[in-house]
């Protein structure tokens, strides 16, 4: 299948993850099965019921962010700016050569700049309103990462933010694809998220899904009979998305095409109806003009909750048959990254296509009997890969499915 | 005798509130250098104004603050307010 000139292709990747800052560091760690999940170091987690997270520990803000931006940016924005820079450099594109309104930014966020907000709220309540930073006006905001990337690289095309929790990491890229179809030439897209300060931690705890174990190798075991909740982390990935024709014209290296996508919404709990994840996959396959047998690997949402894992396994079984397709969850090495998670899985899927290898799910030895999936556990599995399916479920009923495909 | 603010004092507050200028001009700040030349936008001026008002117990006229384009014009506003508050006490 040759690449349709109008399809959207990925030409650049940037990554910040708990097990590696930069695409190279992270992917090497993933293929070595190295996890970034540890006891929280950013604050003392002793008084909290959950104490493990995937923290990025080697990010030195001043190495990545100009001095002028330090007083006005939350950690999530600083990470986003560094990741966007890596993606743009990786794409080898000269943004200044593009027409003035031809390039935009579409990112996902789930909570905005939480750490910045905590500091300013503390200033407000302990000292008074005159001690609150004027920069709080935008530093907390969901769209701030899109805004700062847009300003930093002078990208004046249509831009925006998607807030659909875990599904955002795919929804934002689908929105970027829409922009390319409507005439934009290039989009910076994906998600990077972080809310690992005490206030953010309280919000994660209120969600009720965090694993309370202290053993990093046992806390997050998606599809396992021992699954006992999720571990959350910070980070994600940003991609450079271009029309295939434009990428080819400038001789760009292409990781793959964003070939199919769909989003569905679950019915409200307790009102009957069924989860709509499988429907999202069917629609994404139709969008890509593909059949299930053309999917070579699935990057699972991997909730780490027994009921949610069963529901995902059921959807996969219905579409692909029991153990019908290799399934993996490299997020077992990072924790679930809110709006960044599915974007990082997209990056992993693209590098899997490049290297012809399925990255592993760590710590899970075998899936539960009621989760009949061919889970790639322990170590990478070399495999002929042409297309990968990425799944994401966001709190509140969001489902998203995306397909990336190798471009010959 | 009122406590007048010097150019280097203003440069220090700006740096603290709005970050180090990418333009080296701040280290050799001159009165006729504009905020825009230094890369500081209106929020940077707002944040700096809030800090000066808080630390010196003065209130700067909001409209005048945003009309001040250069460090010199801004400094004149601050020093006028400082002089007023000294006379008042």
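The values are calculated or read from the model by the stated rules, or taken from the named source; none is laboratory data. Computed from a prediction, not measured in an experiment: that's the story for all the values here. All Cβ positions, even for glycine, are placed from backbone atoms using ideal geometry, and neighbour counts span all protein chains on display.
From the list A:50, A:29, A:91, which residue is closer than 17 Å to residue A:236 by Cα, more than 14 Å from every other protein chain (Cβ to nearest Cβ) and either surrounded by fewer than 18 Cβ atoms within 10 Å (Cβ to Cβ) or modelled with pLDDT of 95 or more (or both)? So that I can check it myself, show each step before the final result.
Details: A:50 fails: closer than 17 Å to residue A:236 by Cα; A:91 fails: closer than 17 Å to residue A:236 by Cα.
Going through A:50, A:29, A:91 in turn, just one is closer than 17 Å to residue A:236 by Cα, more than 14 Å from every other protein chain (Cβ to nearest Cβ) and either surrounded by fewer than 18 Cβ atoms within 10 Å (Cβ to Cβ) or modelled with pLDDT of 95 or more (or both): A:29.
Those residues that are more than 11 Å from every other protein chain (Cβ to nearest Cβ) and farther than 12 Å from residue B:74 by Cβ, I need them from the range B:31-42; list them, please. Let's see the steps before the verdict.
Step one: list which residues in the range B:31-42 are more than 11 Å from every other protein chain (Cβ to nearest Cβ), which gives B:31-37.
Once the filter is applied, which keeps residues that are more than 11 Å from every other protein chain (Cβ to nearest Cβ) and farther than 12 Å from residue B:74 by Cβ, the range B:31-42 yields B:36, B:37.
Can residue B:13 be described as facing another protein chain (nearest Cβ under 9 Å), at pLDDT 90 or above, part of a helix (DSSP H, G or I) and within 30 Å of residue A:152 (Cβ to Cβ)? First the steps, then the outcome.
Values: facing another protein chain (nearest Cβ under 9 Å): no; at pLDDT 90 or above: yes; part of a helix (DSSP H, G or I): yes; within 30 Å of residue A:152 (Cβ to Cβ): yes.
When the stated conditions are applied, residue B:13 does not pass them.
Of all residues in the range B:65-89, how many are surrounded by 12 or more Cβ atoms within 10 Å (Cβ to Cβ) and under 19 Å from residue B:37 (Cα atoms)?
Count: 11.
In the list A:315, A:368, which residue meets the criterion of being in contact (Cβ under 8 Å) with a residue 24 or more places away in the chain and touching a strand residue (DSSP E or B) at 6+ places or on another chain (Cβ under 9 Å)?
On the way: A:368 fails: touching a strand residue (DSSP E or B) at 6+ places or on another chain (Cβ under 9 Å).
After applying the criteria, what remains is A:315.
Determine whether the range A:154-173 contains at least one residue that is closer than 15 Å to residue A:80 by Cβ, part of a helix (DSSP H, G or I) and within 14 Å of chain B (Cβ to nearest Cβ).
No: the range A:154-173 contains no residue that is closer than 15 Å to residue A:80 by Cβ, part of a helix (DSSP H, G or I) and within 14 Å of chain B (Cβ to nearest Cβ).
For the range A:386-394, check the following and say yes or no: at least one residue is in a helix (DSSP H, G or I) and at pLDDT 95 or above.
Residues of the range A:386-394 in a helix (DSSP H, G or I): none.
Looking for residues that are in a helix (DSSP H, G or I) and at pLDDT 95 or above, one finds none in the range A:386-394, hence no.
If only one of A:286, A:307, A:257 is at pLDDT 95 or above and surrounded by 18 or more Cβ atoms within 10 Å (Cβ to Cβ), which one is it? Steps first, please.
Details: A:286 fails: surrounded by 18 or more Cβ atoms within 10 Å (Cβ to Cβ); A:307 fails: surrounded by 18 or more Cβ atoms within 10 Å (Cβ to Cβ).
Criteria check complete, one pass: A:257.
Any idea how many residues of the range A:236-253 are surrounded by fewer than 24 Cβ atoms within 10 Å (Cβ to Cβ) and not in a helix (DSSP H, G or I)?
5
Return the total of residues in the range A:136-150 being assigned to a helix (DSSP H, G or I) and either more than 20 Å from the chain's Cα centre (by Cα) or more than 17 Å from residue A:70 (Cβ to Cβ) (or both). Before the answer, list the steps.
We begin by selecting, within the range A:136-150, every residue assigned to a helix (DSSP H, G or I); these are A:136-139, A:144-150.
Those left that are additionally either more than 20 Å from the chain's Cα centre (by Cα) or more than 17 Å from residue A:70 (Cβ to Cβ) (or both): A:136-139, A:146, A:150.
Summing the residues that are assigned to a helix (DSSP H, G or I) and either more than 20 Å from the chain's Cα centre (by Cα) or more than 17 Å from residue A:70 (Cβ to Cβ) (or both) in the range A:136-150 gives 6.
Give the residue that is surrounded by the fewest Cβ atoms within 10 Å (Cβ to Cβ), with candidates limited to residues of the range A:126-135 that are facing chain B (nearest Cβ under 10 Å) and part of a helix (DSSP H, G or I).
A:129
Based on what the data block shows, is residue A:4 closer than 24 Å to residue A:251 by Cβ, modelled with pLDDT under 95 and touching a strand residue (DSSP E or B) at 6+ places or on another chain (Cβ under 9 Å)? Give the derivation first.
Details: closer than 24 Å to residue A:251 by Cβ: yes; modelled with pLDDT under 95: yes; touching a strand residue (DSSP E or B) at 6+ places or on another chain (Cβ under 9 Å): yes.
So residue A:4 fits the description; yes.
Working only within the range B:63-79, note down all residues that are out of contact with any helix residue (DSSP H, G or I) (no Cβ under 9 Å at 6 or more places or on another chain) and over 20 Å from residue B:12 (Cβ atoms).
Kept after step one, since they are out of contact with any helix residue (DSSP H, G or I) (no Cβ under 9 Å at 6 or more places or on another chain), are these residues of the range B:63-79: B:63, B:76, B:79.
Correct list: B:63 only.
Take the range B:43-60 and flag every residue that is more than 9 Å from chain A (Cβ to nearest Cβ), over 10 Å from the mean Cα position of the chain (by Cα) and either surrounded by fewer than 13 Cβ atoms within 10 Å (Cβ to Cβ) or part of a helix (DSSP H, G or I) (or both).
Across the range B:43-60, the qualifying residues are B:55, B:56, B:57, B:59.
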